1. Kindly provide the set of residues from region A:1-17 that are farther than 25 Å from residue A:51 by Cα and touching a strand residue (DSSP E or B) at 6+ places or on another chain (Cβ under 7 Å), ordered by number.
2. Across region B:1-36, what is the total count of residues that are at pLDDT 95 or above and either exposed (fewer than 15 other Cβ atoms within 10 Å of the Cβ) or assigned to a loop (DSSP other than H, G, I, E, B) (or both)?
3. From the list A:22, A:69, which one is in contact with a strand residue (DSSP E or B) (Cβ under 8 Å, 6 or more places away or on another chain) and within 24 Å of residue B:93 (Cβ to Cβ)?
4. Read through the list (1) closer than 30 Å to residue B:110 by Cβ; (2) under 11 Å from the mean Cα position of the chain (by Cα), then give the number of the only condition that residue A:76 fails.
5. Residue B:21 passes all but one of (1) away from chain A (no Cβ under 12 Å); (2) closer than 19 Å to residue A:37 by Cα; which number fails?
6. Going residue by residue through region A:71-79, is there one that turns out to be farther than 19 Å from residue B:88 by Cβ and without any contact (Cβ under 8 Å) to a residue 24 or more places away in the chain?
7. Can you pull out the strands (runs of 3 or more DSSP E) entirely within region A:19-92 that have at least 1 residues that are surrounded by fewer than 21 Cβ atoms within 10 Å (Cβ to Cβ), more than 8 Å from chain B (Cβ to nearest Cβ) and at pLDDT below 95?
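The values are calculated or read from the model by the stated rules, or taken from the named source; none is laboratory data. Predicted model, so just to flag it, every value in this text is computed and none were measured. Every residue, glycine among them, receives a Cβ derived from its backbone with ideal geometry; neighbour counts consider all protein chains shown.
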(Lines give C-alpha, C1' and ligand atoms only; values in the text may rest on other atoms or scores of the structure.)
Protein backbone atom coordinates (compact mmCIF):
# COMPACT_ATOMS: atom_id res chain seq x y z
CA UNK A 1 0.00 0.00 0.00
CA UNK A 2 0.89 3.65 -0.17
CA UNK A 3 1.44 4.01 3.55
CA UNK A 4 1.49 2.12 6.83
CA UNK A 5 -2.01 0.92 7.66
CA UNK A 6 -3.15 0.22 11.22
CA UNK A 7 -6.41 -1.38 12.24
CA UNK A 8 -8.60 -0.78 14.07
CA UNK A 9 -8.20 2.99 14.36
CA UNK A 10 -9.99 2.90 17.70
CA UNK A 11 -10.53 0.07 20.14
CA UNK A 12 -12.43 0.17 23.42
CA UNK A 13 -12.11 -2.89 25.61
CA UNK A 14 -12.93 -3.90 29.12
CA UNK A 15 -10.25 -4.39 31.74
CA UNK A 16 -8.98 -7.96 31.67
CA UNK A 17 -9.81 -8.61 28.02
CA UNK A 18 -7.42 -9.62 25.25
CA UNK A 19 -6.80 -7.34 22.25
CA UNK A 20 -4.96 -7.58 18.96
CA UNK A 21 -3.73 -4.58 17.02
CA UNK A 22 -2.71 -4.96 13.39
CA UNK A 23 -0.06 -3.20 11.34
CA UNK A 24 0.29 -3.48 7.58
CA UNK A 25 3.65 -1.92 6.61
CA UNK A 26 4.71 -0.40 3.33
CA UNK A 27 5.32 -3.15 0.80
CA UNK A 28 8.98 -4.21 0.77
CA UNK A 29 9.87 -2.63 4.10
CA UNK A 30 11.74 -5.25 6.06
CA UNK A 31 12.01 -3.27 9.30
CA UNK A 32 8.88 -2.79 11.42
CA UNK A 33 8.49 -1.03 14.75
CA UNK A 34 5.82 -0.68 17.41
CA UNK A 35 5.65 2.39 19.64
CA UNK A 36 3.23 3.46 22.35
CA UNK A 37 2.22 7.08 22.85
CA UNK A 38 0.47 8.27 25.99
CA UNK A 39 -1.38 11.56 26.07
CA UNK A 40 0.97 14.52 25.98
CA UNK A 41 4.10 12.44 25.51
CA UNK A 42 6.35 11.34 22.69
CA UNK A 43 6.17 7.82 21.31
CA UNK A 44 8.02 5.18 23.33
CA UNK A 45 9.66 2.19 21.69
CA UNK A 46 8.14 -1.24 22.23
CA UNK A 47 9.61 -3.69 19.71
CA UNK A 48 11.51 -3.83 16.43
CA UNK A 49 11.27 -6.56 13.78
CA UNK A 50 13.79 -7.19 11.05
CA UNK A 51 11.99 -9.55 8.71
CA UNK A 52 10.14 -12.17 10.74
CA UNK A 53 12.26 -11.97 13.86
CA UNK A 54 12.08 -9.59 16.79
CA UNK A 55 15.51 -7.93 16.75
CA UNK A 56 14.83 -5.86 19.86
CA UNK A 57 11.88 -6.32 22.23
CA UNK A 58 13.40 -4.41 25.13
CA UNK A 59 10.56 -1.87 25.19
CA UNK A 60 7.74 -4.33 25.88
CA UNK A 61 6.59 -3.37 29.39
CA UNK A 62 5.80 -6.86 30.66
CA UNK A 63 4.86 -10.36 29.56
CA UNK A 64 1.26 -9.34 28.85
CA UNK A 65 2.55 -7.76 25.65
CA UNK A 66 3.60 -9.85 22.67
CA UNK A 67 4.07 -9.15 18.96
CA UNK A 68 4.46 -11.35 15.91
CA UNK A 69 5.31 -10.92 12.27
CA UNK A 70 5.08 -14.46 10.91
CA UNK A 71 5.60 -13.76 7.21
CA UNK A 72 7.79 -10.68 7.47
CA UNK A 73 5.02 -8.33 6.43
CA UNK A 74 1.91 -7.78 8.58
CA UNK A 75 2.50 -7.58 12.32
CA UNK A 76 0.12 -8.06 15.23
CA UNK A 77 0.60 -6.60 18.69
CA UNK A 78 -1.20 -8.69 21.28
CA UNK A 79 -2.07 -7.53 24.78
CA UNK A 80 -3.41 -9.99 27.34
CA UNK A 81 -5.39 -9.15 30.48
CA UNK A 82 -5.57 -5.47 29.56
CA UNK A 83 -5.28 -2.86 32.29
CA UNK A 84 -6.45 0.74 32.33
CA UNK A 85 -2.82 1.84 32.18
CA UNK A 86 -2.50 0.22 28.77
CA UNK A 87 -4.73 2.96 27.33
CA UNK A 88 -2.67 4.83 24.75
CA UNK A 89 -2.15 5.24 21.03
CA UNK A 90 -0.18 2.34 19.59
CA UNK A 91 1.87 3.39 16.57
CA UNK A 92 3.49 1.23 13.96
CA UNK A 93 6.29 2.34 11.63
CA UNK A 94 8.20 0.63 8.85
CA UNK A 95 11.38 1.30 6.89
CA UNK A 96 13.51 -0.30 4.21
CA UNK A 97 16.46 -0.27 6.56
CA UNK A 98 16.76 0.47 10.29
CA UNK A 99 19.15 3.35 9.64
CA UNK A 100 16.33 5.66 8.66
CA UNK A 101 13.40 6.44 6.40
CA UNK A 102 10.69 5.50 8.88
CA UNK A 103 7.05 5.96 7.94
CA UNK A 104 4.48 5.90 10.74
CA UNK A 105 0.88 4.80 10.57
CA UNK A 106 -1.93 6.81 12.13
CA UNK A 107 -2.06 4.52 15.13
CA UNK A 108 -4.67 2.56 17.06
CA UNK A 109 -6.19 4.39 19.98
CA UNK A 110 -6.74 1.79 22.70
CA UNK A 111 -9.03 2.62 25.61
CA UNK A 112 -9.35 0.17 28.46
CA UNK A 113 -12.42 0.80 30.62
CA UNK B 1 13.71 11.56 26.04
CA UNK B 2 12.14 12.71 29.20
CA UNK B 3 8.40 13.12 29.36
CA UNK B 4 6.63 15.90 31.15
CA UNK B 5 3.11 14.53 31.06
CA UNK B 6 0.50 16.93 29.73
CA UNK B 7 2.60 20.06 30.10
CA UNK B 8 4.34 20.23 26.76
CA UNK B 9 6.25 23.41 25.93
CA UNK B 10 4.25 25.68 23.67
CA UNK B 11 5.22 28.19 21.03
CA UNK B 12 2.73 30.67 19.58
CA UNK B 13 3.65 32.69 16.51
CA UNK B 14 1.98 34.89 13.94
CA UNK B 15 1.62 33.70 10.38
CA UNK B 16 4.69 34.71 8.41
CA UNK B 17 7.03 34.76 11.41
CA UNK B 18 9.96 32.40 11.73
CA UNK B 19 9.71 29.67 14.38
CA UNK B 20 12.50 28.00 16.31
CA UNK B 21 11.84 24.79 18.23
CA UNK B 22 14.53 23.38 20.48
CA UNK B 23 15.35 19.90 21.69
CA UNK B 24 17.95 18.40 24.00
CA UNK B 25 18.97 14.81 23.33
CA UNK B 26 20.39 12.37 25.77
CA UNK B 27 22.73 9.93 24.07
CA UNK B 28 26.11 11.16 22.86
CA UNK B 29 26.42 7.95 20.79
CA UNK B 30 23.38 8.82 18.68
CA UNK B 31 24.36 9.47 15.09
CA UNK B 32 21.10 10.23 13.36
CA UNK B 33 18.42 12.74 14.30
CA UNK B 34 14.98 13.34 12.91
CA UNK B 35 12.33 16.00 13.38
CA UNK B 36 8.71 14.89 13.22
CA UNK B 37 5.45 16.81 12.97
CA UNK B 38 2.38 15.26 14.55
CA UNK B 39 -1.13 16.52 13.92
CA UNK B 40 -4.07 15.50 16.04
CA UNK B 41 -5.18 11.93 15.33
CA UNK B 42 -2.23 11.18 13.07
CA UNK B 43 1.11 9.49 13.37
CA UNK B 44 4.41 11.40 13.36
CA UNK B 45 5.30 12.76 9.92
CA UNK B 46 8.94 13.12 8.82
CA UNK B 47 10.12 16.69 8.34
CA UNK B 48 13.88 16.65 8.09
CA UNK B 49 16.83 14.62 9.33
CA UNK B 50 20.51 15.16 10.00
CA UNK B 51 23.50 12.87 10.53
CA UNK B 52 25.98 13.48 13.33
CA UNK B 53 28.75 14.39 10.87
CA UNK B 54 26.82 17.53 9.93
CA UNK B 55 25.89 20.62 11.94
CA UNK B 56 23.29 22.08 9.61
CA UNK B 57 20.87 20.84 7.00
CA UNK B 58 18.28 22.77 5.02
CA UNK B 59 15.04 21.69 3.47
CA UNK B 60 12.11 23.56 2.04
CA UNK B 61 11.30 26.27 4.63
CA UNK B 62 12.98 24.19 7.35
CA UNK B 63 16.51 24.08 8.74
CA UNK B 64 17.87 21.76 11.37
CA UNK B 65 20.90 22.70 13.45
CA UNK B 66 22.88 20.18 15.47
CA UNK B 67 25.25 21.10 18.30
CA UNK B 68 26.92 17.90 19.47
CA UNK B 69 28.96 19.67 22.14
CA UNK B 70 25.88 20.50 24.18
CA UNK B 71 23.65 17.75 22.68
CA UNK B 72 21.15 20.20 21.27
CA UNK B 73 18.99 20.23 18.16
CA UNK B 74 16.87 23.00 16.77
CA UNK B 75 14.28 23.18 14.03
CA UNK B 76 13.78 26.47 12.27
CA UNK B 77 10.65 27.01 10.21
CA UNK B 78 10.67 30.02 7.90
CA UNK B 79 7.52 31.98 7.12
CA UNK B 80 5.38 29.85 9.41
CA UNK B 81 1.90 29.05 8.11
CA UNK B 82 -1.30 28.01 9.95
CA UNK B 83 -0.86 24.52 8.47
CA UNK B 84 2.37 24.22 10.44
CA UNK B 85 0.38 24.12 13.69
CA UNK B 86 1.08 20.75 15.30
CA UNK B 87 3.22 19.03 17.94
CA UNK B 88 6.87 18.76 16.93
CA UNK B 89 9.18 16.03 18.22
CA UNK B 90 12.86 15.44 17.81
CA UNK B 91 14.06 11.84 17.77
CA UNK B 92 17.49 10.28 17.99
CA UNK B 93 18.67 6.98 16.61
CA UNK B 94 21.54 4.95 17.90
CA UNK B 95 22.60 3.03 14.81
CA UNK B 96 24.77 0.58 16.65
CA UNK B 97 24.62 -2.17 19.22
CA UNK B 98 21.47 -3.87 20.44
CA UNK B 99 19.39 -0.72 20.11
CA UNK B 100 19.87 -0.57 16.36
CA UNK B 101 16.75 0.84 14.73
CA UNK B 102 15.24 2.20 17.96
CA UNK B 103 14.14 5.82 17.92
CA UNK B 104 14.14 7.74 21.20
CA UNK B 105 11.78 10.69 21.10
CA UNK B 106 12.37 13.91 22.95
CA UNK B 107 9.85 16.16 24.58
CA UNK B 108 7.34 17.55 22.12
CA UNK B 109 6.61 21.22 21.51
CA UNK B 110 3.16 22.48 20.59
CA UNK B 111 3.37 25.05 17.80
CA UNK B 112 0.35 27.28 17.26
CA UNK B 113 0.32 29.64 14.29
CA UNK B 114 -2.17 32.50 14.40
CA UNK B 115 -3.46 33.89 11.09
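1. Of the residues in region A:1-17, the ones farther than 25 Å from residue A:51 by Cα are A:10-17.
Those that are farther than 25 Å from residue A:51 by Cα and touching a strand residue (DSSP E or B) at 6+ places or on another chain (Cβ under 7 Å): A:10, A:11, A:12, A:13, A:15.
2. 7
3. On inspection, the qualifying residue turns out to be A:69.
4. (1)
5. (2)
6. Checked region A:71-79: at least one residue is farther than 19 Å from residue B:88 by Cβ and without any contact (Cβ under 8 Å) to a residue 24 or more places away in the chain.
7. In region A:19-92, the matching strands (runs of 3 or more DSSP E) lie at A:53-56.
Table: residues versus (1) surrounded by fewer than 21 Cβ atoms within 10 Å (Cβ to Cβ); (2) farther than 23 Å from residue A:95 by Cα; (3) within 14 Å of chain A (Cβ to nearest Cβ); (4) at pLDDT 95 or above.
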residue	(1), (2), (3), (4)
B:44	no, no, yes, yes
B:61	yes, yes, no, yes
B:72	yes, yes, no, no
B:79	yes, yes, no, yes
B:88	no, no, yes, yes
B:109	yes, yes, yes, yes
B:113	yes, yes, no, yes
